[in-house]
Structures are given as C-alpha cells and as structure tokens.
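Only one structure is covered here, and it is reproduced in the block below.
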Amino acid sequence: MRWTTLLAVLMIALGCWSLPATAASSDGDVPTSAQSGRITDTDTWRAIRQGEAGFISGQPEQRGQLIQSEGEAWRAARNGKLAWYGGLALVGVVLAIGAFYLIRGKIMIEGGPSGRQILRFNKMERIGHWLTAGSFLVLAVTGLNLMFGRWLLEPIIGKTLFSWLAWAGKWLHNLSGFVFIAGLVVIFVLWAKDNLWDRYDLGWILHGGGLLKKGDHPPAAKFNFGQKTQFWMVIVIGTLVSSTGVSLLFPFTFADMAGMQVMHLIHAALAVLMVMAILGHIYIGTIGMEGASTAVTTGYVDRKWASLHHSVWVEETEAKEPKAAE
Amino acid sequence: MARMKFLCDAERCIHCSGCVTACKNEHEVPWGINRRRVVTINDGKPGQRSLSVACMHCSDAPCMAVCPVDCFYQTNDGIVLHNKDLCIGCGYCFYACPFGAPQYPSTGNFGGRGKMDKCTFCAGGPEEDHSKAELEKYGRNRIAEGKLPLCAEMCATKALLAGDGDMVSTIYRERVMARGFGSGAAGWGHAYGKKG
C-alpha cells in the first residue's frame, strides 16, 4: 500500500467516525435561543436604555443613539434646582438690597459736594465699562427671560408677543456675548493692575468697607477691596460664562450632548450668581451712593467724594498732576 | 379616551426603512430632516436587532417641560404637538428629549437652527385641519381623517405599531405569548413610565 492510499483510508475512517457526532447535534437538539441570538436579552435592552448607539444609514451618525437619558437629568436640574434656587436667590438679593437701603439709606457725601471735579475714569476706561456693562444688561435680561419668562412674562403678555420677544432676545443674547467678551478684555487690560491686593485692603475689610456705619471711610487707592472683589468676580465668572456661552453658540462643535447639557447648566448657574453680584454693584453705583455714578458717565467725580472713598488715589493723582483737581 | 402610543417590535423589524420613507413622503419633510429613523444594534453580530424610533409622544414630555416659549401642547389623545410660529429654535427640546426626536432645518451656529420639526403622530399642528398652512408646516393630518400614522400602516412586517396604547399593548402581548420570546417594549419606560 502506497502511503498516499493509506492517508486516504485514514481520512475516510476519521470522517466516518466524526459523522455520527455531527448528526447527533442536529438530531432534534435545537441550539438554545440565547446561543442563536434569537432572544433580545436583558443586556441588550439595558444597553439601549443606557444610551447604546447602533448603526444608522442615510442619517447623521449621532442619531444612532436610541435613548438619551441624560436629558432627563438636565431637565430636572434646569426646571428644578436651577430655576427654584436661582430664582429665590435673585429675589433674596433684591430684598436684601431693599432692606439695606431702608436701614442705611443713601450714602451721602458728608458736608456736601465740594463742587470741584476730578477725573476718575478716562474715555477708554468708560468705553471698557460700558462695553461690558451694556452687553451684560442685555445678556442678563434676555437670559433670565429664557429661564423665567415662560412663567412670569408669558402669562401676562400672551404667547405670540412673548415668542417674538424671546426670539429677538435670543439673537440679542447671541450677539452681545461677543461685545461682552471684548469688554472683558478691555477692562482686564486697563484695570487688572489696580485690582491687586494692596496695604489698604485689610483695613477696608476690618471696617466692613465703611458700609456699616455713617462717617466711616477706610482709606483706599483707585479701587477698594469691595470693588476688587467685584472686578475679579466679573473677570473669572465672566470668562467662564463667556466660554460656556461660545460653546453653546456652536452646538456639538466643542462638546457632545452631555457636554452641551453640562455647559448650559454651568452657564446658567454662574450667570445667576453674576447677576446677583452686579445688582449690588448697580445699587451702590446709583441710588445707594451720592456722587458715584458720574465716574462712568462723564468720567468726573466730586473731589470731596473721591477724598472720602478713595483718599489714597486722590493723593496719588494730585501728586502726579497737581492741576488735575482744577 | 384613547391614549396614542408607538411600539416597535425588535423581533420583527427588518431595517427596511419603509417607515422612514413613508413618513418623509407623506409629510413632504424638508431635505435633511427625518422624523423617523431606524437603528440597528449589534450590527452584523449575533443578537442583531433593529428598532424604528421617532417622537414617542411621552406622557410627561421633557420637550414640553423645558421649552422657554411653551410652544408644545398635548392633545386629548396624548399626542405631543408644537406650534412652529412660537418656536424660537433654541434647541432645548433636543437636549431634553430621550429619543432624539426634535430636528432642525439648519446646522445651528449662532442659534440659527430654524423652527423645530418632529413627528406629529400624523396629527398635523395647531393650524386648521387639512389647511395648506398645516400641510406646509406640519405635514398631513391623518388623525383628523380617522387614520393612524402612515409609518406603522406601511410597516411590511407589522413591527411598528401605532394607535391606542391599550390596543397596541394587547397585540404585542399576544405576540410575545404566541412566539414565547422577545418581550421588552423599547422606550416605553422613558416615554410612558411616569403615568399611563
């Protein structure tokens, strides 16, 4: 027998030996449905519930996700905690400012204005202030409208008018964001150096800023510690609100769905904080204090006001330019 | 009162996309927008399943809850509809929706998404029934004609069911009993879990 024949015989023998085994496995012994993938098992359903994405043809790939549960959490946070705590905090701040006004009253220039003007903010500084402030007012009003308008304004003015206002507000919000960013850059460049910690700040803090009792005026340079806090709040929170805002303006360019939801919550929560702080700033700059508001309108303040609130700054300014006070 | 629901039977869907095409043609949905989509999971592997998804017309609809202009409303049949004249295209409904149902005609930078579009359960919108305005903004109103959504009507394998929730459940339950496997109504927990 040649070796090839032997090999052939062996192969046939092996084949015959293995045949019954194959036959037995299909002899009424159906593979279980789990093995054949016939049943949609619980793992598959769980994966779908947890956001498993599948294959989709002819449509954007992102639409392959079947269920997006994070939206529920986003909704709960926005309509729940954010709307309620944010709303209550804003009302709280307004009430606190009102109470402060009733108790402390308008802070007057003691002995009345001197009549002599001193330049506090030059034209560039005023432009920087109003780029930031003007755009912030628009952003705050239109932003709060998106958050609370449906519950506060829409029942009064009706759906059609409200929808038009919200639409216009959305565009104003989207465009003034860039003005706000420009304003942030300008005020940072102009004022950052005047907002660093100096030797008068501790005294100002210990005196409670002189807000607590009449006639108390701790010395301060160009900006006191309260203004410095406000400044860095605007820079830091403003930058965070701006960057999240820009990412919301370009949906899904910088973040995915979960990212967009988180950005929106950060944007809205920080914006509420900023509005609260700015309400205090607007109060003390206008109805809360005599002689303060002209600093950002005409740029000039009364020399008496300046010497009470920014004594060191007056001395420094007059030392540099003796005629500036005239 | 009937409560309208969709149900896609994963054991029957063959990913023919007939529902997508039927919807697009019936409502003359603009280019780039598909109110319905078919997704295949475990594609090419054991356990491959396809599901057809659109707006599920949720009981406690997240889109309705987050809309800043309150443009959504729910009909007595539980169908969630919206008013495109009020929509400002903010995209909030898309962030909230578990099913990715809301669609926008443009890409969305600078808030330029346009008016949101989504499945209407073939029930049109707030315009007068069968008016030109309704057709142009929302598509046809089959519900007003006493008909059910075309996607489900056209489904070749009757995987996609649409209609009264109780009826849909009954048909599905009988199917599951008869075949002895394949229960699990996709998305019902999210859409109708909170109430009826």
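The values are calculated or read from the model by the stated rules, or taken from the named source; none is laboratory data. Here the structure is a predicted model, which means the values were calculated and not measured. Reconstructed Cβ throughout: ideal geometry from the backbone, glycine too, with neighbour counts over all protein chains shown.
Here are some notes:
- Selected residue (only one of A:99, A:166 is more than 21 Å from the chain's Cα centre (by Cα) and at pLDDT 95 or above): A:99
- Residue match in the range B:64-86 (condition: out of contact with any strand residue (DSSP E or B) (no Cβ under 9 Å at 6 or more places or on another chain), more than 8 Å from chain A (Cβ to nearest Cβ) and touching a residue at least 40 places away in the same chain (Cβ under 8 Å)): yes
- Top-ranked residue in the range A:108-138 [being at pLDDT below 95 and farther than 20 Å from residue A:298 by Cβ; ranked as nearest to the chain's Cα centre (by Cα)]: A:110
- Filter pass, residue B:149 being more than 13 Å from chain A (Cβ to nearest Cβ) and under 13 Å from the mean Cα position of the chain (by Cα): yes
- Only one entry in A:82, A:90 is part of a helix (DSSP H, G or I), away from chain B (no Cβ under 14 Å) and surrounded by 15 or more Cβ atoms within 10 Å (Cβ to Cβ), namely A:90.
- In the range A:136-159, residue surrounded by the fewest Cβ atoms within 10 Å (Cβ to Cβ) [restricted to those that are more than 10 Å from chain B (Cβ to nearest Cβ) and not aliphatic (A, V, I, L, M)]: A:158
- In the range B:155-187, the qualifying residues are those that are within 14 Å of chain A (Cβ to nearest Cβ) and basic (Lys, Arg), and the one that is surrounded by the most Cβ atoms within 10 Å (Cβ to Cβ) is B:175.
- Counting the residues of the range A:67-79 that are among the small types (Gly, Ala, Ser) and facing another protein chain (nearest Cβ under 7 Å) gives 2.
- Residues satisfying the stated conditions in the range A:180-209, i.e. out of contact with any Pro (no Cβ under 8 Å at 6 or more places or on another chain) and assigned to a loop (DSSP other than H, G, I, E, B): A:196, A:197, A:198, A:199
- Test result for residue B:130, in a loop (DSSP other than H, G, I, E, B), more than 30 Å from residue A:265 (Cβ to Cβ) and away from chain A (no Cβ under 13 Å): yes
- If the condition is being touching a His at 6+ places or on another chain (Cβ under 9 Å), touching a residue at least 24 places away in the same chain (Cβ under 8 Å) and either surrounded by fewer than 22 Cβ atoms within 10 Å (Cβ to Cβ) or not in a loop (DSSP other than H, G, I, E, B) (or both), then the range B:87-114 contributes B:92, B:93, B:95.
- Residue match in the range A:297-308 (condition: over 19 Å from residue A:125 (Cα atoms) and modelled with pLDDT of 95 or more): no
- Positions within the range A:35-65 being under 23 Å from residue B:67 (Cβ atoms) and within 7 Å of chain B (Cβ to nearest Cβ), in sequence order: A:63, A:65
- Those residues of the range B:34-60 which are part of a loop (DSSP other than H, G, I, E, B), within 10 Å of chain A (Cβ to nearest Cβ), touching a strand residue (DSSP E or B) at 6+ places or on another chain (Cβ under 9 Å) and surrounded by fewer than 21 Cβ atoms within 10 Å (Cβ to Cβ), in sequence order: B:42, B:43, B:44, B:47, B:48
- Residue within the range A:225-248 that is part of a loop (DSSP other than H, G, I, E, B) and either more than 14 Å from chain B (Cβ to nearest Cβ) or of a type in the set (Lys, Arg) (or both) present: no
- Residues satisfying the stated conditions in the range B:61-86, i.e. of a type outside the set (S, T, N, Q), closer than 22 Å to residue B:3 by Cβ and outside any loop (DSSP other than H, G, I, E, B): B:62, B:63, B:64, B:65, B:72, B:73, B:80, B:81, B:82
- Every condition in (1) assigned to a loop (DSSP other than H, G, I, E, B); (2) within 17 Å of the chain's Cα centre (by Cα); (3) closer than 19 Å to residue A:42 by Cβ holds for residue B:158 except the one numbered (3).
To keep it simple, each residue is scored yes or no on (1) at pLDDT 95 or above; (2) surrounded by fewer than 18 Cβ atoms within 10 Å (Cβ to Cβ); (3) within 30 Å of residue B:100 (Cα to Cα).
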| residue | (1), (2), (3) |
| --- | --- |
| A:190 | yes, yes, no |
| A:201 | no, no, no |
| A:208 | no, yes, no |
| A:218 | no, no, no |
| A:238 | yes, no, no |
| A:251 | no, no, yes |
| A:267 | yes, no, yes |
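- For the range A:257-264, the criterion of a residue being under 30 Å from residue A:204 (Cβ atoms) and modelled with pLDDT of 95 or more is satisfied by no position.
- Test: residue in the range A:112-132 that is in contact with an Asp or Glu (Cβ under 7 Å, 6 or more places away or on another chain) and within 14 Å of chain B (Cβ to nearest Cβ): no
- Candidates B:29, B:20 - the one that is surrounded by 17 or more Cβ atoms within 10 Å (Cβ to Cβ), among the β-branched types (Val, Ile, Thr), more than 10 Å from chain A (Cβ to nearest Cβ) and touching a residue at least 40 places away in the same chain (Cβ under 8 Å): B:29
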